[in-house]
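The values are calculated or read from the model by the stated rules, or taken from the named source; none is laboratory data. Predicted model only: the values in this text are computed from it and were never measured. A quick note on method: Cβ atoms are made from the backbone with ideal geometry, for glycine too, and the neighbour counts reach across all protein chains shown. Keep in mind that these areas ignore ligands, DNA and RNA; they rest on the heavy atoms of the full protein, side chains included. Shrake-Rupley method; radii C 1.70, N 1.55, O 1.52, S 1.80 Å.
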Amino acid sequence: DASGKLVQSIPGSKRKGINKVYWNLRWTPPKTATGGTKMDYGGFIAPTVLPGTYTVKLKVGDKEYSNQLQMVHDNDNKLFSEEDRKVQYTAAMELYHTHEQLTVLVDKINAEQKMIKDNMDSVKKSQTKKLMKEYNAKLEELRSTLLATKHKSMFADEKKLREYITEVYAAICGQECKPTNLQLERITVLNDDLKKGEQTYQKFNAEYGEKTAQAVKEDKSRKVNEARNSN
């Protein structure tokens, strides 16, 4: 775009002759949280870009060709003004970033749970095992509020924060009108819920994370010392 941000990369073919690629006039979809019962379709949806100047770069081997194109608003659409488009875009991008922030949080939880799983069997102290189990249970309790972790049926899937974000995000990205007051209120609520999730994670991590990491570190040091003594 005009600020130099990459909007989309589109792979081309290597066939001889004239080749065509198509840009859907949208951004690259956001990264969405993983580890639930299903893939979230929010990771396939992106906001339509705003009117402005865009640079198209064609890369062939070590050569690069570039040109500019001007995106303009369709003024014939009297039901969707350029100002409405800007409001819609701002709301969609806010949810875009909400999705990515949720992904960061869930990735942290997944990493902590993996650390616990990888080290649970090797830890000898019963007190340490109890601490790790409690920490894992707290993390799983939090994770289950952030994305669907239970599969009810093919017709009635569980909905949690990730799914609710996608519900509003997909609606706004797909409509040619500015967001409704209800949609804007939902964005505020969803962002508040995300902040609560982040605060809960920080609380659990402060209460259990450092102690667990230290216990695992001590256990590994003990094994190294035992191995040296045996040699």
(request) All but one of (1) modelled with pLDDT of 95 or more; (2) surrounded by fewer than 17 Cβ atoms within 10 Å (Cβ to Cβ); (3) assigned to a loop (DSSP other than H, G, I, E, B) hold for Ala46, so report the exception by its number. (result) (2)
(message) Is it the case, given these coordinates, that Ala91 is assigned to a helix (DSSP H, G or I), modelled with pLDDT of 95 or more, open to solvent by less than 90 Å² (accessible area, probe 1.4 Å) and more than 30 Å from Lys133 (Cα to Cα)?
(response) yes
(request) Could you list all residues from the range 175-192 that are under 19 Å from the mean Cα position of the chain (by Cα), open to solvent by 60 Å² or more (accessible area, probe 1.4 Å) and not β-branched (Val, Ile, Thr)? (result) Arg186, Asp192
(message) Residues that are assigned to a loop (DSSP other than H, G, I, E, B) and among the polar types (S, T, N, Q): does the range 206-220 have at least one?
(response) no
(request) Just give me the residues in the range 141-153 being exposed (fewer than 13 other Cβ atoms within 10 Å of the Cβ) and free of Cβ contacts under 8 Å to residues at least 60 places away in the same chain, in sequence order. (result) Glu141, Lys152, Ser153
(message) I'd like the residue in the range 1-43 that is crowded, with 16+ Cβ neighbours inside 10 Å and at pLDDT below 90 and, out of all such residues, is farthest from Lys86 (Cα to Cα).
(response) Gly36
(request) Give the number of residues within the range 101-133 that are loosely packed, with under 14 Cβ neighbours inside 10 Å and in contact (Cβ under 8 Å) with a residue 60 or more places away in the chain. (result) 3
(request) Taking the options Asp76, Asp107, Asp84, name whichever one is outside any helix (DSSP H, G or I) and out of contact with any Phe, Trp or Tyr (no Cβ under 7 Å at 6 or more places or on another chain). (result) Asp76
(request) Of the conditions (1) under 22 Å from Arg85 (Cβ atoms); (2) without any contact (Cβ under 8 Å) to a residue 40 or more places away in the chain, Tyr54 clears all except one; give me its number. (result) (2)
(request) May I ask you to verify whether Lys38 is within 22 Å of the chain's Cα centre (by Cα) and either in contact (Cβ under 8 Å) with a residue 60 or more places away in the chain or within 18 Å of Ala91 (Cβ to Cβ) (or both)? (result) yes
(message) Criterion first (over 30 Å from His73 (Cβ atoms), of a type outside the set (Gly, Ala, Ser), open to solvent by 80 Å² or more (accessible area, probe 1.4 Å) and assigned to a helix (DSSP H, G or I)) does Lys203 satisfy it?
(response) yes
